[in-house]
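The values are calculated or read from the model by the stated rules, or taken from the named source; none is laboratory data. This is a predicted model, so every value here is computed, not measured. Note: ideal-geometry Cβ built from the backbone for every residue, glycine included; neighbour counts use all protein chains shown. For the accessible areas, the whole protein counts, side chains as well, though only heavy atoms, and no ligand, DNA or RNA atoms are used. Shrake-Rupley method; radii C 1.70, N 1.55, O 1.52, S 1.80 Å.
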Amino acid sequence: MSLQVASAISNSSLLQPGFSLLNFEGHVFFFGQKGWPKRSCPTGVFLLDIKQNELKMKPAFFSKDSCYLPPLRYPALCTLRGNAESDEYQYIIHGGKTPNNDLSDKIYVMSLVSKNSKKTTLQCVEKDLGGDVPEARYGHTINVVHSRGKSMSVIFGGRAYTPLAQRTTEKWNSVVDCLPSVFLVDFEFGCCTSYVLPELQDGLAFHVSVARNDTIYILGGHSLQNNTRSPSLYKLKVDLPLGSPAVTCTILPGGISVSSAIVTQTSDSEFVLVGGYESDNQKRLVCNTIVLEDSKIEIVERASPDWTPDIKHCRMWFGCDMGKGSVLLGIPGANKQLISDANYFYILRCKGAEEDQEEELTAQISSQTSTEDPGDSTPFEDSEEFCFSAEANSFDVDDTDTYNEDDEEDESETGYWITCSASCNIDINTWVPFYSTELNKPAMILCSSGAGHWVHAQCMDLSESMLLRLSEANVKYFCNEHVDLNKELQTPKKVVHLKKQPMKPLRKKTTMKLTTPAKKSFLRRLFE
């Protein structure tokens, strides 16, 4: 095993505990950045360019038929193949935390559409589920099992927020272990079924799971209720006949009391277990080899790498499986670097260079991180734990279009992330799409007061229908702070007086002028 420093990493502040790695055709993609995506990479997914132990990030793009995917940290992730021997695969992403600490209960399927030296296009599709849908969670695992020519996903463990009925003001965001239920997810029909097994008594989070054919092995994990790390080794066997599936659990000897360990695959039947935590603040520097043969598992200790003094003395570390027997490790650099959220990174290689040329491995690995955010009532308040993902390996791509966060505008002062008004509540770190037309930035509208200024439509309490009408109509808009002022300063409109039609003059009565004799004759005839 060899340990090398990954130097000159660009934008390392985006790589915080809880991120994941995806591997498509030997190319590694980073997912789960810190904060919400910016305009330079609206998808929040980056291609990691790894050359001579240097890491660079390039934006990846989504196809037009893709759904919106928030940057999720601590999700469960694994590969989905058509069958156990298939070379083509997709990635399943379930659960996780959004940048504003909301938990997701959605499940996504990610696949590669096209890849060249200039642009990488991915497709992300959200799957609709029914039945016993797993609750929103993080720190859990998902695996795919194959039995009798059929495949299903298995979800287990994790943590969730305390149910609303049990929350108090003091512990509103406290977390609890999820119930120890096993969920089977049929992607063909979108059906979920939960199973309660007597062997699984405690909810576990940040455990390690390794799947092979119809069997899943669950190792370690932490229980909040007991504040213990399970020393048990569980074997889940899933049978998929024509009727209802059957799930059985067996407790095996030889487990390891550890949480948040990284597993990387070195051969078809051999895996390496790296690091983890023995206690709340004690890292586990011992490494193990896991061998799977038929329906048996063997775990033995192996020689550890020559850990650097920085790694030995730091209280927390995090990382991801890079596949092909390689692991990306990170330690905080807050006390050693000018940038407080920057980190040091290392690449740990668990096998020789000749073995790196082997064909892509078919067995699946799924594991998790356990870093807790401030405010969570967990034993890991003073430590950060590992994040794990699926296979990956180093690759060679040119340096064009390398993502550089420094090239972006400072959107905290200008652009979309301004304080538009006294009541503005838009924060780049907590914002989530409000209108259906929003993707990675808030909708804004121009106030015509004075020289004009932009305001957030959400802060102005505009409905989506009103926002659409204002954007289509050629009218001036005034924000809530200037609408009254505009009325006071507005020149009164000229009053248009209605023209009154002249009335027709009345006809003059005709009178007869009678002479005296004629008048007497007329009166005489009138009264006769």
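A few notes on this one:
- Rounded to the nearest 10 Å², the accessible area of Lys56 at probe 1.4 Å: 60
- Only protein heavy atoms count here; under a 1.4 Å probe, Ile426 has an accessible surface of about 20 Å².
- Relative contact order for segment 2-353: 12 percent, from Cα pairs under 8 Å spaced at least 6 residues apart, divided by residue count.
- Å² per residue, accessible surface of segment 210-276 at 1.4 Å: 34
- Separation of the Asp65 and Asp102 label points, Cα + 7 Å toward Cβ, nm: 2.7
- Counting 0.36 nm for each residue step from Arg524 to Arg39 and taking away their Cα separation leaves a gain of 163.6 nm.
- Calculated from backbone phi, Karplus (6.51, -1.76, 1.60) coupling profile of segment 69-74 in Hz, x at Gly/Pro: 10, x, x, 9, 10, 6
- Amide H contacts under 5 Å for Leu200, placed H, 5+ residues apart: none
- Residue separation of Thr308 and Val196 scaled by 0.36 nm, minus their Cα-Cα distance, works out to 35.9 nm of gained length.
- When Thr430, Thr266, Thr308 are compared by accessible area of protein heavy atoms, the largest-first order is Thr430, Thr308, Thr266, using a 1.4 Å probe.
- The label point for Thr168 and the one for Tyr435, both projected 7 Å from the Cα toward the Cβ, are 4.3 nm apart.
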